[in-house]
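The values are calculated or read from the model by the stated rules, or taken from the named source; none is laboratory data. Source: prediction; values computed, not measured. Please note: Cβ atoms are built from the backbone with ideal geometry, for glycine as well, and neighbour counts cover all protein chains shown. Just so you know, the surface numbers come from the protein's heavy atoms only, side chains and all, with ligands and any DNA or RNA stripped out. Shrake-Rupley method; radii C 1.70, N 1.55, O 1.52, S 1.80 Å.
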Amino acid sequence: MSETLDILVFGAHADDAEIGMGGTIIKHVEAGYRVGICDLTFAEMSSNGTPERRRQEADRAAKVLGLAMRSNLGLPDRGLFVTPEHVEAITAEIRRHSPRIVFAPYWEDRHPDHVACSKLVEEAVFNAKLRRYLPDQPAVLVNQLYFYFINDMGRTDLMVDITAQQEKKEQALLCYRSQFESAMSEPDSVSTPLNQGYIERVRSRDKLTGQRRLIPYAEGFATRSPFLVDKFMKDSH
């Protein structure tokens with residue numbers, strides 16, 4: 001089967017994409033899109049869990065989401081910076097899968113790795129189309145780059161109704177027991193913001209996002225490029 005994807009989602013750590021846009025991923029998979037996730041690090045600096053366990057959890061979540069592929073670049077957790085080496089690694093992943101659409105974390109977030117991932121992907125999307133950059137790889141033009149929210153909400157330019165996918169999104173999040181289970185139920189774990197009702201807060205955020213358009217649950221996204229509209233539709237009322 002071809003490695004070509006319709007959508008490629010980047011996250012600094014496994015579970016970033018599920019938190020920010022798990023419902024949107026599921027919705028597009030259900031519609032027949034080939035969707036993949038590329039995690040930049042093995043989250044080896046996480047307070048709970050181990051890199052091996054995180055890999056197992058990511059594999060289980062990938063099955064729930066219905067992904068066509070999931071990869072990990074093995075870049076250093078808490079060591080993500082806009083360096084030529086990191087940009088090259090992400091650019092190569094984009095060229096490997098030729099996605100029409102790429103998603104990255106929003107450019108403002110309380111976790112520095114999420115911010116770094118956002119900047120790195122934006123650089124890589126630009127470089128991927130330059131035929132003289134890494135000329136041994138065919139250039140790839142990404143049609144659109146969107147940004148999803150993880151910890152902190154920002155300007156929402158568009159939203160996706162995930163009401164029918166919300167339950168399955170939470171099933172994917174629950175695959176990451178090392179991160180989201182209470183410290184009381186996970187041996188050798190410590191309390192973090194993630195195991196203090198984080199999934200419930202994600203659910204509340206999705207509900208609040210949807211409320212702006214009277215939708216039970218929605219995920220919001222931002223873009224740096226304005227939308228091109230051929231003409232505005234007449235009000236049906």
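Quick notes on this one:
- Residue pairs whose Cβ atoms lie under 8 Å apart, separated by 6 or more positions or on different chains, with the first residue in segment 188-205 and touching a residue at least 60 places away in the same chain (Cβ under 8 Å) and of a type in the set (Gly, Ala, Ser) and the second open to solvent by less than 30 Å² (accessible area, probe 1.4 Å) and in a loop (DSSP other than H, G, I, E, B), are Ser189/Asn48; Ser189/Ala183.
- Of residues in segment 159-203 being closer than 19 Å to Arg60 by Cα and of a type in the set (Phe, Trp, Tyr), the one least open to solvent (accessible area, probe 1.4 Å): Tyr176
- Going through (1) part of a helix (DSSP H, G or I); (2) open to solvent by 70 Å² or more (accessible area, probe 1.4 Å); (3) farther than 30 Å from Glu88 by Cα one by one, Asp206 falls short only on (2).
- Qualifying positions in segment 1-35 - surrounded by 24 or more Cβ atoms within 10 Å (Cβ to Cβ) and either among the hydroxyl-bearing types (Ser, Thr, Tyr) or assigned to a helix (DSSP H, G or I) (or both): Asp16, Ala17, Glu18, Ile19, Gly20, Met21, Gly22, Gly23, Thr24, Ile25, Ile26
- If the condition is being at pLDDT 80 or above and hydroxyl-bearing (Ser, Thr, Tyr), then segment 189-204 contributes Ser191, Thr192, Tyr198, Ser204.
- Lone qualifier among Phe103, Phe126 - being of a type in the set (Phe, Trp, Tyr) and touching a helix residue (DSSP H, G or I) at 6+ places or on another chain (Cβ under 8 Å): Phe103
- Residues that are modelled with pLDDT of 95 or more, part of a loop (DSSP other than H, G, I, E, B) and either open to solvent by less than 100 Å² (accessible area, probe 1.4 Å) or of a type in the set (Ser, Thr, Tyr) (or both), drawn from segment 211-237: Ile215, Pro216, Tyr217, Thr223
- Test set (1) modelled with pLDDT under 95; (2) over 16 Å from Leu173 (Cα atoms); (3) not in a loop (DSSP other than H, G, I, E, B) - Arg53 fails condition number: (2)
- In segment 56-73, residue nearest to Lys169 (Cα to Cα) [restricted to those that are open to solvent by 40 Å² or more (accessible area, probe 1.4 Å) and either touching a residue at least 24 places away in the same chain (Cβ under 8 Å) or touching a Ser or Thr at 6+ places or on another chain (Cβ under 8 Å) (or both)]: Arg60
- Segment 101-158, residues that are open to solvent by less than 50 Å² (accessible area, probe 1.4 Å), of a type outside the set (Asp, Glu), part of a loop (DSSP other than H, G, I, E, B) and under 21 Å from Gly23 (Cα atoms): Tyr106, Trp107, Phe149, Ile150, Asn151, Gly154, Thr156
- In this structure, Val121 does not qualify as closer than 30 Å to Ile199 by Cβ and touching an Asp or Glu at 6+ places or on another chain (Cβ under 8 Å).
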